[in-house]
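Contents: one structure, followed by commentary.
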Amino acid sequence: MEEDGNMYSIILATASRYLLLLLLIFSVFLLLRGHNEPGGGFVGGLVAAAAYALYFIANGIQAAKTVVRFDPLRIIAAGLLTAIASTLPSLFTGERFMTAFWIDTGIPFIGKVGTPLLFDLGIYFLVLGITISIIFSLAEEDRS
Amino acid sequence: MNRIIMLPILLPLCTAAVMIFFRRRILLHRMLNAAGTAAMVGVSLVLLSSVHAQGILSLQVGGWEAPFGITFVADMLSSIMVVATAFIGFTTALYSLGTIDEKREHFFYYPLLQILLMGINGAFLTGDIFNLYVWFEVMLISSFVLLVLGGRPQQLEGAIKYVTLNLLSSSIFLAAVGILYGTAGTLNMADLAQKIPLLEHREMLSVVAVLFMITFGIKAAIFPLFFWLPASYHTPPMAVSAIFSGLLTKVGVYAIMRFFTTIFVHEEASFIHQVLLVLSAFTMVVGVLGAVAQYDMRKLLSFHIISQIGYMIFALAIQSPLAIAGGLFYMIHNIVAKTNLFYLSGIIRRLKGSWDLREIGGIYRFYPMLGLLFLVPALGLAGIPPLSGFWAKFLVIKAGLDSEHYLLAGIALCVSMLTLYSMIKIWNEAFWKDDPLGEGGVEDEAYLRIPSTRKAMIVVPIVILGGLTVIFGLWFEPFFGLADRAALELLDAGEYIDAVLGGKS
Amino acid sequence: MTFLLAVIVGVLYAAGTYLILRRSLVKVIFGLMLLGHAANLMIFTVGRLTKGAPAFVPEGAEALVEPFADPLPQALILTAIVIGFGVQAFTIVLFKRTYQELGTEDLDRMKSTDQLPGEKL
């Protein structure tokens, strides 16, 4: 883990493991409250990416890559496809393109679920994927 | 059925997303790219026929009524342009299969091509000026990457000029959008066409018109603003140059057409048409003189693009229905013929190993069919009957004479002589004269080693586009009918406004 | 306030124009950034300034009450900033790569794409 930095700090490395989880939960919270209050997919994705960035700073690029698991470009593509998928109901039901559909789940805090949430989820992954791939490629260029 | 308007935009987006997801499966990329563009041809033809049958279609995204939401509009002009884009996209997809190296394919060549097509289609179909800005950026960023893909020093150098001037143009566009919103309080094109004549504070309108003219002038490469084009268009692989030359400048011309026949037709902006007339003359002359001086095929053709843009600007500056229809027909003819010439020069390069006309020759003796395929777009571009260029030039010059712009019509005729001269120059040097390096030339064997399926991929697009040039020439009337209707729709904004704001969606 | 913003927009445009006319690539990219900021700030200014009144419908009311800040220019600027961010990031990488490949950042020495073949300038 220490392989690529002489800046290794055991405090930061230990803390970052818990912070990663906390920040990811916070990013999901931001994503879910986004429709009518400050927040949303864009901010959520940025916070999630920041969580991974912190982990990368503390533990190095290899460790960060194992934590992310997926190819960042695949995350981008998945986000893009999710966002496109959110527009499909309107295409097939004959409503105007990108008209929102809502289902009231009745669950407290989450409330109504609909295509805008799906769209936000797509943006979340898109932003997350793009930011992570930028960070990873910059980090790798730095090492070479 | 207005949902069909979204398909030319959604289709390439979906294919691009799937390609990025399976990013290592190059075979899948190739197939999806060809299939996606083929589907786009189908979709665009359906769009054209439904616009033909039902009149202008509009779609309010998300159900937010115009002018508050984003509107997509398909009128005759837009749908004709989308069809042209689809055809060029499809032929470029095939041509890329035969010519693009695997390294570029791994670096997202095909997804970028799809995103480029999405941006172009979006720019044609949107009915909102800010949305137009966004599509321009989508188109630009993918063209930036396509331009530098491969990273040869020449490409990077060309890209610097291209990127800098296009970013400058974008920031001018943004400023113009801001002032226009401050003046008119709306950015919906139909709403603007309706509101601008009634505005009280009109001081800024002429400023806005000039800013838009400069922005789109840079994109369309009209006279004093064209220098980025011959500095960059010859640097990327031929498939990329071909799609750029066919479509990117034409998006600029389309925007000028849309803005200065539908939106800015009031008194404060009428001087724009005078300015455009003068600039068109300079564009025609400077472009063709640049072309005549060149011996590098790619640069020769690049300068030709500029000269041809001059004709289109000339036509639309006259503003009569005949002129606009002629200009539109010219644009379609030019997209087809120009792209085809770029494809062909790519083949010549492969056969002879050089872009320099002085170093090659003797192609006709060994490949007479290639000579024939070259003559179709070359003579078409020069305006020899019965090919499409004859009708295109005839219409534009007739409109010029009808509106008593005798000097300009004369210039257009002379320029077309010079066009013919430069086409004959390629013919003489590359096809007719003996090869300076002796029998056969150098790269022949390299070409023969290309598997025949790949060779077919290179030749089929040329045959398709050459066929279109002939068809436009021989069955001129139905195509002119479409262009004429597009011109009438442009000059009388009433139907456009009704379709967008009339609540029919 | 509007006057002050107008002056800032003017200064940004002047500085941006000056910088993109320089021969150094670094200064050109700074110039392009400044022009982008100037355009954004201009949209903000000509969209009319309203302080402290977001465009929310008040509790119990049916429509917006004047005066309220127009949200559209803000949305335009937000979009333009995000697009500008992406494009500028690309441009910086492009300029850096060009510097590495060509070994110069002087625009006057980048004219091989404009020369006729065989011509020495």
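We did not get these values from a lab; they are worked out from the coordinates using the rules stated. The shown structure was predicted, so the numbers you read here are calculated from the model rather than taken from an experiment. Here Cβ is always computed from backbone atoms with ideal geometry, including for glycine, and neighbour counts include all displayed protein chains.
Numerical summary
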quantity	calculated
Cα pair count fraction exceeding 22 Å, expressed as % - chain A	46 percent
Under 5 Å, built H, 5+ apart or other chain: amide partners of B:K433	B:G362
Exposure proxy ranking, count of Cβ atoms within 10 Å, fewest first, for B:W391, B:W64, B:W427	B:W64, B:W427, B:W391
Cut-off under 5 Å, modelled amide H: who pairs with B:W355 long-range	none
Theoretical ellipticity at 222 nm over chain B - DSSP helices of four or more residues, -39500 (n - 2.57) apiece, nearest 500	-24500 deg cm²/dmol
Choice from C:Q100, C:Q74, C:Q88 with maximal GNM fluctuation in chain C (Cα, 10 Å cutoff)	C:Q100
Relative exposure of B:C414, B:C14, judged by other C-beta atoms within 10 Å (fewest first)	B:C414, B:C14
At 1.002 mPa s and 20 °C, Stokes diffusion of the stretch C:17-93 via Kirkwood alpha-carbon radius, µm² per second	146 µm²/s
Whole-Hz couplings from phi, Karplus 6.51/-1.76/1.60, listed for the stretch B:285-297; x for Gly and Pro	5, 4, x, 6, 5, x, 5, 4, 6, 8, 10, 7, 3
Viscosity 1.002 mPa s, 20 °C: Kirkwood-radius Stokes-Einstein D of the stretch B:229-334 over Cα pairs, µm²/s	149 µm²/s
Neighbour-count order for B:T99, C:T104, fewest beta carbons within 10 angstrom listed first	C:T104, B:T99
Calculated FRET efficiency for the pair B:K195/C:A69, C-beta based, R₀ 22 Å, to 0.05	0.50
The stretch C:42-56 versus the stretch B:345-360: alpha-carbon centroid distance in Å	59 Å
Stokes-Einstein D in µm²/s, Kirkwood radius over Cα pairs - chain B at 25 °C with 0.890 mPa s viscosity	108 µm²/s
Inter-part distance where the stretch A:49-81 and the stretch B:1-63 are each reduced to a Cα centre, Å	32 Å
Karplus (6.51, -1.76, 1.60) ³J(HN,Hα), θ = phi - 60°, over the stretch B:40-46, in Hz, Gly and Pro reported as x	5, 4, x, 4, 5, 5, 4
Under the Debye formula (equal points on every Cα, no solvent term), log10 I(q)/I(0) of the protein assembly as shown at q = 0.05, 0.10 Å⁻¹	-0.26, -1.09
